[in-house]
Structure formats: C-alpha cells, structure tokens
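The next block holds one structure in the form of structure tokens; read it before the comments.
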Amino acid sequence: MTRVTLILAIVLAAAAPAGGQGPCTLDQLAGTYVFESRGQSALASGPTPGVPNHVNAAYAPAIIVGEATLHADGRADGFYWGILGTGNTGLIPIPWEGEITDFENCSGVMTYTVPMVNLGVNAQITERFAVTNGGKELRSVALEFKVLTDPPQFMPVTWTSVMYRRNQRQCGQSMLTGNWVMQCQSLFATTWPGAPFTHVAAASLWRLAIDAAGDIEGPWSIKWGPNTMETTVEGRWTVAEGCTLDGTVTSPGLMGRTMIIKGLLYDQGKEFLGIPLGTTAPDGSGLVLSPFASCRAIRVGR
C-alpha cells in the first residue's frame, strides 16, 4: 500500500459514521417497519420476606407490537397493540402519529402521541433511536412518557424497542405454511388457594405445524411460577395482505378458554412478532384481556 493510499484509507475511515454502515439520511430510512417495545414501570420497596431474591414492588410490565411507516420528511405513523400493566388496548389496533427530529450521525429523536388506555387522555412519548444493520433495524429507548393532563404527569415507565424493516409490501396465507418455533412470556393468573398474589410470571415454547388453511397444532411447553406443563395446542391463524396475523389457540392448558393472538410478519415471512391480548369462551364471548403477554416466532427449515 502506497503512502497516499494509506492516508486516503485513514481519512475515509475517520469520516465514516459509527458502526461502519455509511451515511444515514431520512430518505434512506423511509419505509415500513414492524416493531416491538418491551419494558416496565417498577417501584420497589425492598426485599420480600421469605422469598429469596425478590423485592416488593408496584409493577406494570409493558409490551407493544405494531407497525411504523417512516417518511422522508420526518413524519412517522402506524398502528399498534399494547399492554401496560392493567391497561390493554384490546383487539383493535390503535393508530399513532409522530415526527423525527435531531437526526444526524445515524441517530435521532422520535416523538409521538398515543391515547392512554382506560384514562381518556393522551400521552406524549419521546424516544432516542440509533440506526443499525445498514438501515435494516432501528433500536431505541423511551426517554420520556408525559401524560397530557393539566399539569402534565411524567410516568416512571420506560422500555427499549427494536424496529425491523419489512421488505415485502404484501403478505399471503402461504407465508405461514410450514413449521415454526415460538417463545412467549406472560403473567399468568394464579389459582392457588390462599395465595397472597394474583399473578405469576410464565414462559413457554411452542413447536407448531401450520397447514395451507392456517390450521395449527403442536406441543406446548409452559412454566408458570413453580409449575410446569407439557401439553398441546391447536387453532387457526390467518394472514392479511398488510402482513398482520390474527390467531386463535385452544389447549387443555387453557382450561376451556380460547387465546386470541395478534401479530405482524416480517423478514419475508420468516419471523413474526405476536401479542396474546386475551382469552374468550369457545363461542368468542366473554373477552378477558391479558395483563401482559408477548411472543416471537421463527420459521424452521425454510
């Protein structure tokens, strides 16, 4: 390498943005993304007597799954489903609008307004984001959650988010056909007699086969509190052109209830983000909204 070439290489390396992904512009960011936000509000008050490694806390877990369209002029809009503590958006997605400001060096600020579930007021949320993976992903942290009352209230909740660029414009039912592995986390209502609490943390692994009609079946492994169960699931999942997923699940482990799952496909239909929003009776009546639940799934062998 000549001295001139070496100097040029050093200058170019010094001028490149962090991460080596080249310059970022709002034009390059413009597109449609799916996103997942995961976090909590937790106000702890010290160790829990008799329960090792636990603290007493007022706790509101947060999970949000949705779609974001970013525009070259800095506007942002989309829709989402979400759960924040006792607030659950329900089965109908909620629209949102926002804007991107202070965008430079592959980082910016996104501010958007959403309705507060069950409270009848709006909240303004501010997130700092960074562009990663050559513009295919954005990662962010919620810096402010301001409830727009008079005077405004600032909530202690925060979360981190990941946005994945959705390359396909439309999706079809055939994208679901095949084998999938899904992992979920949730809060599970306890039925222990005399228990001093109402919910425990749960996690599960699903191994699903989905046919061309969207019928699903497969093993379901779940742990909630100190309990475990190996059982099976079945149901019907459908995909709309907008790449949204609408699913129902039944299982001996659901004790006669039907789980309702909403979600979004991305990465050419190889993965999806899901949010089990609640359960109903077999005839679809008696919706009971979930206190917290989220799922991620990936296609196997395709």
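Hydrophobic (A, V, I, L, M, F, W, C) and over 22 Å from Asp27 (Cβ atoms): does that describe Leu138?
no
Return the residues of the stretch 263-300 that are crowded, with 22+ Cβ neighbours inside 10 Å and among the charged types (D, E, K, R); say none if nothing qualifies.
Matches in the stretch 263-300: none.
When only residues in the stretch 42-56 that are on the phi < 0 side of the Ramachandran plot and of a type in the set (S, T, N, Q) count, which is surrounded by the fewest Cβ atoms within 10 Å (Cβ to Cβ)? Outline the logic, then answer.
Restricting attention to the stretch 42-56, the residues satisfying the condition of being on the phi < 0 side of the Ramachandran plot are 42-45, 47-49, 51-52, 54-56.
With the extra rule that they be of a type in the set (S, T, N, Q), the set shrinks to 45, 48, 56.
Working: Ser45: 9, Thr48: 13, Asn56: 13.
Going through the qualifying residues, I end up with Ser45.
In this structure, is Ile100 touching a residue at least 40 places away in the same chain (Cβ under 8 Å) and either surrounded by 17 or more Cβ atoms within 10 Å (Cβ to Cβ) or not aromatic (Phe, Trp, Tyr) (or both)?
yes
Search the stretch 156-204 for residues being hydroxyl-bearing (Ser, Thr, Tyr) and not in a strand (DSSP E or B), and hand back the single one that is farthest from the chain's Cα centre (by Cα).
Result: Thr191.
Need pairs with beta-carbon distance below 8 Å; first residue of a type in the set (Val, Ile, Thr) and within the stretch 169-194, second modelled with pLDDT of 90 or more and surrounded by fewer than 19 Cβ atoms within 10 Å (Cβ to Cβ); sequence gap 6+ or separate chains.
Here the result reads Thr177/Asp211; Thr177/Ala212; Val181/Leu205; Val181/Arg207; Val181/Ile298; Val181/Val300, each pair linking the stretch 169-194 to a residue that is modelled with pLDDT of 90 or more and surrounded by fewer than 19 Cβ atoms within 10 Å (Cβ to Cβ).
Just one of (1) on the phi < 0 side of the Ramachandran plot; (2) assigned to a strand (DSSP E or B); (3) exposed (fewer than 12 other Cβ atoms within 10 Å of the Cβ) trips up Asp27, so point out which.
That leaves (2) as the condition not met.
For the stretch 209-231, how many residues are out of contact with any helix residue (DSSP H, G or I) (no Cβ under 6 Å at 6 or more places or on another chain), closer than 25 Å to Val65 by Cβ and assigned to a strand (DSSP E or B)?
Within the stretch 209-231, residues that are out of contact with any helix residue (DSSP H, G or I) (no Cβ under 6 Å at 6 or more places or on another chain), closer than 25 Å to Val65 by Cβ and assigned to a strand (DSSP E or B) number 11.
Any idea which residue in the stretch 57-83 is farthest from Ser186 (Cα to Cα), counting only those that are small (Gly, Ala, Ser), touching an Asp or Glu at 6+ places or on another chain (Cβ under 6 Å) and surrounded by 15 or more Cβ atoms within 10 Å (Cβ to Cβ)?
Only one residue tops the list, namely Gly74.
Of the conditions (1) modelled with pLDDT under 95; (2) out of contact with any helix residue (DSSP H, G or I) (no Cβ under 9 Å at 6 or more places or on another chain), Thr279 satisfies every one except a single condition; which number is it?
Status for Thr279: all satisfied but (2).
The values are calculated or read from the model by the stated rules, or taken from the named source; none is laboratory data. Model, not experiment: these values are computed from the prediction. Quick reminder, even Gly has a Cβ in these numbers, built from the backbone with ideal geometry, and neighbours come from all protein chains shown.
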